[in-house]
Every structure is written in structure tokens, then in C-alpha cells.
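Here's the structure, in C-alpha cells; my notes come after.
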Amino acid sequence: MCAMARPRKPLLSTDRIVETARTLVDAEGLPAVSTRRLAAELGVSGPSLYNHFRTKDEILEAVADSVSAQVDLSMFEDGREWRTALHDWAVSYRAALRDHPNIVPVLARGPGRRPAGLRLADAVYGAMVRAGWPPAQATSIGALMRYFVMGSALGSFAGGFVDDVSAYDPADYPHLGQAHLLAEQQEKIDERAFGTGLTALLDGLSQQFEQLP
């Protein structure tokens, strides 16, 4: 009789490590990631991870870059007008961060040497310069958009209010009589706030663009 072949474990790869670490971060936050925990989740020995990453921080950087890679950049390449492109990119950027909010603190440090993060910055800057923005202002636009989108992903405005009406004594907070209702409308309110802010931001940039020499 032929001996039954032993089931093979999936080969350890950079992609597997990043995917597993991202799942951990999404479910439990940044503190959940350690080389020991990752090794256990992957069914390998801890030292084997060091063939792919030298430190836990390198793993988290790779997770952050995998989220940046989910942001659509096609709007900067298909001929869309700069304002429309910025709008569509901001919506895609926020969607990626909304799906992976626990990694935002790592992303907030800036792109560093992360390839997808650098491609993102390059695409925005290049599109603005091609549209006619001076380089210095194109840089400022990239920074401004990053502040706005990143800030919107760091936490929910509506979700920050408790749904207990007694927390809002009208003697102390005469204008918060309906604040206890905000949390149940969290997604709707936060989406509307993001849309309002994005429109206002783009309106302001459009006015500046019209005044360029």
C-alpha cells in the first residue's frame, strides 16, 4: 500500500504574514500584533517570521501599505478634471481607512518608504501639477487632503455621544437636547459630515485655482 501523503502547510510568505497581521489589527487593534501571536496564527515558529520581516514595526508598516494599496488611483490617469479626481480619490481613500480604522495611527505617520503610500502621494501631486497648480500649492493640496481624510477616519463624531438623555442636562447644555440620538444615526451623520466638508474644501480650492496667474 502507498503511504498517505502528509497534508502540506501553506508556505509562509510575506503576503500571508501581512494578511494575517491585518486581520488581527482589524479585529483586536495594534496591541494584538506580536511575532509570537502571528507565528501561532500562521502555525509556524517565531524565528521563521524573521526571514521576511526584521521587526514587528516592519510588519505593521507592511500592513499599513497594504491598506494604502486599496485606494483607487485611476481617477488621476483617465482624464478626469482635477476637482472631480480629488473628490473621487478622497472617497476611495476614506473607504479604505474606514474598513481598517485600527491601522490609521500607523498611516498617519506618513508614507515613509512604503511603496503604495509613495505611489499615492506621487499620483496626487503629479495630477495637481499637470492640472496647472504650482508645485508648492500642489504639495499643500496633498497635505490638506491627507489631513482631512485621515482625520475623518480617526473616529466617529456621532459615535462619540452617549445615547443617555440624562447626560445632557439642559441647564448645562441647552443646545444638546437631541444629542442622545446621534449615536443611532452614526453612519448617516458621519457620511453627511464628510461630504459637506469635502465639498467645502473643493469649493475653496476651486476659487484659489481661478485666481492663479
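Taking the conditions exactly as written (more than 30 Å from Gln208 (Cα to Cα) and open to solvent by less than 80 Å² (accessible area, probe 1.4 Å)), does Thr84 satisfy them or not? Show your work before the answer.
Working: more than 30 Å from Gln208 (Cα to Cα): no; open to solvent by less than 80 Å² (accessible area, probe 1.4 Å): yes.
No.
Suppose we keep only residues that are part of a loop (DSSP other than H, G, I, E, B) and surrounded by 14 or more Cβ atoms within 10 Å (Cβ to Cβ) within region 112-166. Which one would you say is farthest from the chain's Cα centre (by Cα)? Show your work before the answer.
So in region 112-166, the residues part of a loop (DSSP other than H, G, I, E, B) come out as 112-114, 132-134, 155-157, 161-164.
Going one step further and asking which of them are surrounded by 14 or more Cβ atoms within 10 Å (Cβ to Cβ), we end up with 114, 133, 156, 161.
Details: Arg114: 14, Trp133: 26, Ser156: 14, Phe161: 23 Å.
Among those residues, the one meeting the criterion is Trp133.
Of Ala32, Ala62, Ala40, which residue is aliphatic (A, V, I, L, M) and loosely packed, with under 14 Cβ neighbours inside 10 Å?
Step by step, each of Ala32, Ala62, Ala40 is checked, and only Ala40 is aliphatic (A, V, I, L, M) and loosely packed, with under 14 Cβ neighbours inside 10 Å.
Find the residue count for region 95-106, including only residues that are in contact with a Leu (Cβ under 9 Å, 6 or more places away or on another chain) and closer than 16 Å to Leu73 by Cβ.
Qualifying residue count, region 95-106: 1.
From the list Val104, Val91, exactly one residue is open to solvent by less than 20 Å² (accessible area, probe 1.4 Å) and of a type outside the set (Ser, Thr, Tyr). Which is it? Give the derivation first.
On the way: Val91 fails: open to solvent by less than 20 Å² (accessible area, probe 1.4 Å).
Answer to the selection: Val104.
Using the structure shown, decide if Val44 is more than 29 Å from Tyr93 (Cβ to Cβ) and in a loop (DSSP other than H, G, I, E, B).
On the way: more than 29 Å from Tyr93 (Cβ to Cβ): yes; in a loop (DSSP other than H, G, I, E, B): yes.
Judged against the criteria, Val44 is a match.
The values are calculated or read from the model by the stated rules, or taken from the named source; none is laboratory data. For clarity, every value in this text was computed on a predicted model and none was experimentally measured. FYI the Cβ positions are ideal-geometry reconstructions off the backbone, even for glycines, and counts take in every protein chain you see. Just the protein is used for accessible areas: all its heavy atoms, side chains included, with ligands, DNA and RNA removed. Shrake-Rupley method; radii C 1.70, N 1.55, O 1.52, S 1.80 Å.
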